[in-house]
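Just below is one structure, and these are the notes that go with it.
Read-outs throughout are calculated quantities, based only on the coordinates presented, and are distinct from any laboratory measurement. These figures come from a predicted structure and were not determined experimentally. Positions of Cβ are backbone-derived with ideal geometry, glycine not excepted, and every protein chain shown enters the neighbour counts.
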Amino acid sequence: MNHNKTRHDRHFDTGCDTGCGTGRRSALVLAFSALLAWAPLSLAGPIEQVLAMDQASLVVGPARQRLISRHASEPMIPASTMKLVTALAAIERWGLSHHFTTEVLVDGNQRLWIKGSGDPYLVAEELDLLVQALKARGLNRVRGLGLDDGLYASDLRVPGRSRSNNPYDAPLSALAVNFNTVNLSIGQAGIRSGEPQTPLTATGRRMGAGLAGGKHRVNLGTRASALSYFGEVLTAKLQQAGIQVEGDVLMGSVPASANRLHLHANSRTLEQVLRSMLEYSNNFVANNLFLLLGEQAGQTSFAQAQRHMEDWARRKFGWRDFRIEDGAGLSRGNRLSGEQMIELLGALADYRQLLPEQDNEPRVRAKTGTLSAVSCYAGFVERPQGWVPFSLMINQAAPYDLRRRLAQALADTPTLARPAR
């Protein structure tokens, strides 16, 4: 499965830290520091650029070994670094070896029912495994399909989601294939599936009809369209395996009299799911996990998940003055401080390997976060004393590569010391 890359992309120190010696040298340093304060940002080092910004927080090092602290307690928009919160909560709830499951049942009319349980990684390859298991159980004909998406509230609204057709804006559903996106290739031969493991269906043809030539990954737009597409792909997979499918596709609740035929356990562990979610900043995966964390009595909603996550953060960290509205960081209503992010990273220290490695820089493992006029970066940088947590939150316009240059500077600079501000 080709992962959907999102807009949340996976894309020092020049002052005197210790005693400088003579008064003349001190005067020169002070003059140079004053010049930096007034110089264009492009002429200053990345740390100086951040420290000169009004709406920027930079915190490096844990509380008792703080190396840099700038606006550390100010709540800010974390963008996609919010996925780190979701990742830690998921690890604590399920453990890294957990496999999400999907239940398959059959009713008295021989209709095959799929009960959605929010598996965020039920991609086309997983449907192949599911169908193979059904075939091995002797299934050779079904009289229609039934799709149960009732785990998620019927009025589900994703905070911060826009109406674009980009993969990062995919709708959420408890039953989904390929992150509720369609991969298409448009050329002289017409509309084709953009990946061999996923058949081209009626929905794919309809969505590809208005697209220009080339390759496209687009989201399915609505929850209803997502469920219809799931039914189309599953039907095609069953037929490819020699299982005859008769009748229609029904959306609704599994009949109480239906019997379980198979429980499909996803081949990927939670560790693999989280590693991929953080590397590709997959909003669909993050917000499905967020909703599952808030599940109660067989149903979940964003309101439930928000309450659960905020209660969890208060109990675990004692946080105040924060806000969690979604698990992916799409919402501009999310608020975390740099201090809080550093606390979170402290709890994630044993799972540092899950965070993406910065391109060509193995000494930085961190998650980016990007929204309009929001640029964030949080994770770990390797310094002489070991791996050190850092949090950068910029809530104003900033150079696109500033966060990566800053992380590089944190890794390169022998001595870091900045007074708290």
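Sorted by mean Cβ packing within 10 Å, highest first, what order do the peptides 208-220, 82-94, 300-312 take? Mind dumping the intermediate values first?
Numbers: 208-220: 15.3, 82-94: 22.5, 300-312: 18.2.
Listed from highest to lowest mean packing, they are 82-94, 300-312, 208-220.
Suppose every K and R has +1 on its Cβ and every D and E has -1 on its Cβ; what is the size of the dipole of the range 101-268 about the Cα centre, in Debye to the nearest 20?
The calculation lands at about 260 debye.
In nm, to one decimal, how far is the Arg163 label point from the Ala265 one, both placed 7 Å along Cα→Cβ?
4.4 nm
Pull out a ≥ b ≥ c, the square roots of the eigenvalues of the alpha-carbon gyration tensor of the range 195-271, then state rounded if a/c is under 1.5, prolate if not and a/b is larger than b/c, and oblate in the remaining case. Could you put the intermediate results ahead of the total?
On the way: a/c = 1.79, a/b = 1.55, b/c = 1.15.
Prolate, because a/c is 1.5 or more and a/b exceeds b/c.
Length gain on complete extension for the stretch Glu357 to Lys135, per 0.36 nm per residue less the alpha carbon to alpha carbon distance?
75.8 nm
What ranking of Ser337, Ser117, Ser281, Ser154 emerges when the number of other C-beta atoms within 10 Å of each C-beta is taken as an exposure proxy, fewest first?
Values: Ser337 23, Ser117 19, Ser281 30, Ser154 9.
Lowest count first: Ser154, Ser117, Ser337, Ser281.
Give the Debye-formula value of log10 I(q)/I(0) at each listed q (0.11, 0.19 Å⁻¹), with one equal scatterer per alpha carbon of the range 101-268, two decimals each.
The computed values of log10 I(q)/I(0) come out as -0.45, -1.26.
Most exposed first by the Cβ proxy, i.e. fewest other Cβ within 10 Å, how do Tyr280, Tyr121 rank?
Arranged by neighbour count, lowest to highest, Tyr280, Tyr121 become Tyr280, Tyr121.
Treating the beta-carbon of each Lys and Arg as +1 and of each Asp and Glu as -1, no other charges, what is the dipole magnitude of the chain about its Cα centre, to the nearest 20 debye?
That gives the chain a dipole magnitude of about 300 debye.
What lysines sit close enough to Lys237 to cross-link, taking a C-alpha to C-alpha distance under 29 Å and skipping anything fewer than 8 places away on the same chain?
Of all the lysines, those that pass the test against Lys237 - Cα under 29 Å, at least 8 places apart if same chain - are Lys5, Lys115, Lys135, Lys215.
Pick out, from Thr101, Gln132, Gly208, the residue whose Cα sits farthest towards the positive end of the charge dipole of the range 101-268, with +1 on the Cβ of Lys and Arg and -1 on the Cβ of Asp and Glu.
In the range 101-268, that residue is Gly208.
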